[in-house]
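K.L.:
Pasting in a structure now, in structure tokens, and then I'll have a few things to ask.
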Amino acid sequence: MKNPVRVTITGAAGQIGYQLAFRIASGQMFGQNQPIILQLLEITPALPALNGVVMELEDCAFSTLNDVIATDDANTAFKDSEYAILVGAMPRGPGMERNDLLQANAKIFTHQGKAINDNANKEIRVLVVGNPANTNALIASSNAPNIDPQNFTAMTRLDHNRAIAHLSKKLNVSSQNIKKMIIWGNHSATQYPDVDHVTVDDTSIKDQISDDWLKSDFIPAIQQRGAEIIKARGASSAASAASAAIDHMHDWVLGSAENNWVSMGVFSDGSYGIKPGIIYSFPVRCSQGSYEIIQDLSLTEFSQERMRVTEKELREERTAIEELL
Ligand code: NAD
Ligand code: LMR
């Protein structure tokens, strides 16, 4: 067994938090040899519910769970934390776009960015799930000047997984054979799910799908999947979101698979002409806790145009919260 690592989950009594806490505690994120100390943050009125989560965690008797700290104080929740999944935020309801949440949720990420800066391990790796995830990650990072901005990421892995699942159905192949999917840009309706580089068994899928299917079925289906789930469930995705968060952190820390890549919202470094200053989803390869943006992919004019649309939306979100940066 290794030394235990401290993992913070915010919004831990909410829908996603309730899934995440148990999966992380049972070793599904970092493996069976990695003991975990969970540091769970909630708002004060949710502390009784959080206490229920703690009791259930105890009752699982997970061998990988060393300790649980439950608190409504962000400084305590981020104390010495090495990994943080920032979920606690308001979810959208029917008819809303994710960036309608920007003003309501922005303050949370200002406050938590500062608490991370003041308390966390300086190497902490942060995944922002709460929407609008890309811009919330930008806010949190800007308020944590002592932490490397590269250590702040936003979740587009759910979109990535959704795209793979949709292709798997269409092509009638197992999802594990679908490689090199890309989500570009914002975790929003402007995101661009790009299949141009996707392979199955090292062969391009381009001659198996039509342009018409891509434009009128696939792309809108992935862009609108979150809204479809809200319509069906009356609440936003939770189990699939927690699963994607586990995938994101697992791959970031333990490495992404050979001959493949994953999508992560990361600070733009100017790759593919996306100007710095926003958190944008790129294809990345991960190894031992770092990632690099995949370079030199050829892009069609259609792709470039879609990538600019989602970049523009992220710039507008940035302008809307500029005073918090
Ligand atoms: P939820 O309402 O069930 O849970 C949110 C929890 O956060 C609540 O328990 C609430 O008390 C808590 N909370 C609120 N403010 C907090 C704060 N300042 N500090 C700590 N905790 C706080 O919502 P949910 O379904 O779990 O969704 C959470 C967020 O995740 C939403 O913003 C949702 O839109 C987003 N989301 C993102 C993705 C993605 O792919 N990036 C996917 C699904 C959901
Ligand atoms: C999702 O994609 O399911 C989440 O971002 C929740 C939402 O608001 O759609």
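K.L.:
With respect to Ile230, is the statement that it is within 13 Å of ligand 1 (Cβ to nearest atom), in contact (Cβ under 8 Å) with a residue 60 or more places away in the chain and β-branched (Val, Ile, Thr) true? Lay out the reasoning, then the answer.
P.N.:
Values: within 13 Å of ligand 1 (Cβ to nearest atom): yes; in contact (Cβ under 8 Å) with a residue 60 or more places away in the chain: yes; β-branched (Val, Ile, Thr): yes.
Taking the combined requirement at face value, the residue satisfies it.
K.L.:
Quick check on Ala245: is it within 14 Å of ligand 1 (Cβ to nearest atom) and either among the hydrophobic types (A, V, I, L, M, F, W, C) or in a helix (DSSP H, G or I) (or both)? Show your work before the answer.
P.N.:
Working: within 14 Å of ligand 1 (Cβ to nearest atom): yes; either among the hydrophobic types (A, V, I, L, M, F, W, C) or in a helix (DSSP H, G or I) (or both): yes.
Answer is yes for this residue.
K.L.:
Looking for whichever is open to solvent by less than 30 Å² (accessible area, probe 1.4 Å) and in contact with a Phe, Trp or Tyr (Cβ under 7 Å, 6 or more places away or on another chain) here; the options are Val53, Val87. Which one fits?
P.N.:
Every option except Val53 fails the conditions.
K.L.:
Taking segment 96-133 as the search range and keeping residues that are within 10 Å of ligand 1 (Cβ to nearest atom) and more than 23 Å from Leu38 (Cα to Cα), which one is nearest to the chain's Cα centre (by Cα)?
P.N.:
Applying the filter and picking the extreme gives Pro132.
K.L.:
Restricting attention to segment 6-36, which residues are open to solvent by 30 Å² or more (accessible area, probe 1.4 Å), among the aromatic types (Phe, Trp, Tyr) and part of a loop (DSSP other than H, G, I, E, B)?
P.N.:
none
K.L.:
Let me ask another. Met29 versus (1) under 15 Å from Val129 (Cβ atoms); (2) within 14 Å of ligand 1 (Cβ to nearest atom): which is the lone unmet condition?
P.N.:
If we test Met29 against (1) under 15 Å from Val129 (Cβ atoms); (2) within 14 Å of ligand 1 (Cβ to nearest atom), just (2) comes out false.
K.L.:
Something else now. How many residues are over 20 Å from the mean Cα position of the chain (by Cα) and at pLDDT below 90 when one looks only at segment 70-95?
P.N.:
As a first pass, look at segment 70-95 and keep what is over 20 Å from the mean Cα position of the chain (by Cα): 70-76, 79-80, 94-95.
Now drop any that are not at pLDDT below 90, which leaves 94-95.
The qualifying residues number 2.
K.L.:
Whether any residue in segment 20-27 is at positive phi and touching a Ser or Thr at 6+ places or on another chain (Cβ under 8 Å) is what I want to check. Walk me through it before giving the result.
P.N.:
Looking only at segment 20-27, we keep the residues that are at positive phi, and these are 27.
Then drop every residue that is not touching a Ser or Thr at 6+ places or on another chain (Cβ under 8 Å), which leaves 27.
The answer is yes; a qualifying residue exists.
K.L.:
Output the residues belonging to segment 96-136 that are modelled with pLDDT of 95 or more, among the basic types (Lys, Arg) and within 20 Å of Gly265 (Cβ to Cβ).
P.N.:
Of everything in segment 96-136, just one residue is modelled with pLDDT of 95 or more, among the basic types (Lys, Arg) and within 20 Å of Gly265 (Cβ to Cβ), namely Arg125.
K.L.:
Exactly one of these conditions fails for Glu123: (1) assigned to a loop (DSSP other than H, G, I, E, B); (2) within 16 Å of ligand 2 (Cβ to nearest atom); (3) within 22 Å of Asp247 (Cβ to Cβ). Give me its number.
P.N.:
(2)
K.L.:
For segment 140-160, check the following and say yes or no: at least one residue is open to solvent by 40 Å² or more (accessible area, probe 1.4 Å) and within 15 Å of ligand 1 (Cβ to nearest atom).
P.N.:
No, the conditions are met nowhere in segment 140-160.
The values are calculated or read from the model by the stated rules, or taken from the named source; none is laboratory data. What you are looking at is a predicted structure, and each value in this text was computed from that prediction instead of being measured. So basically every Cβ, Gly included, is an ideal-geometry build from the backbone, and we count neighbours across all protein chains shown. Accessible surface is based on the protein model in full, side chains and every heavy atom, while ligands, DNA and RNA are left aside. Shrake-Rupley method; radii C 1.70, N 1.55, O 1.52, S 1.80 Å.
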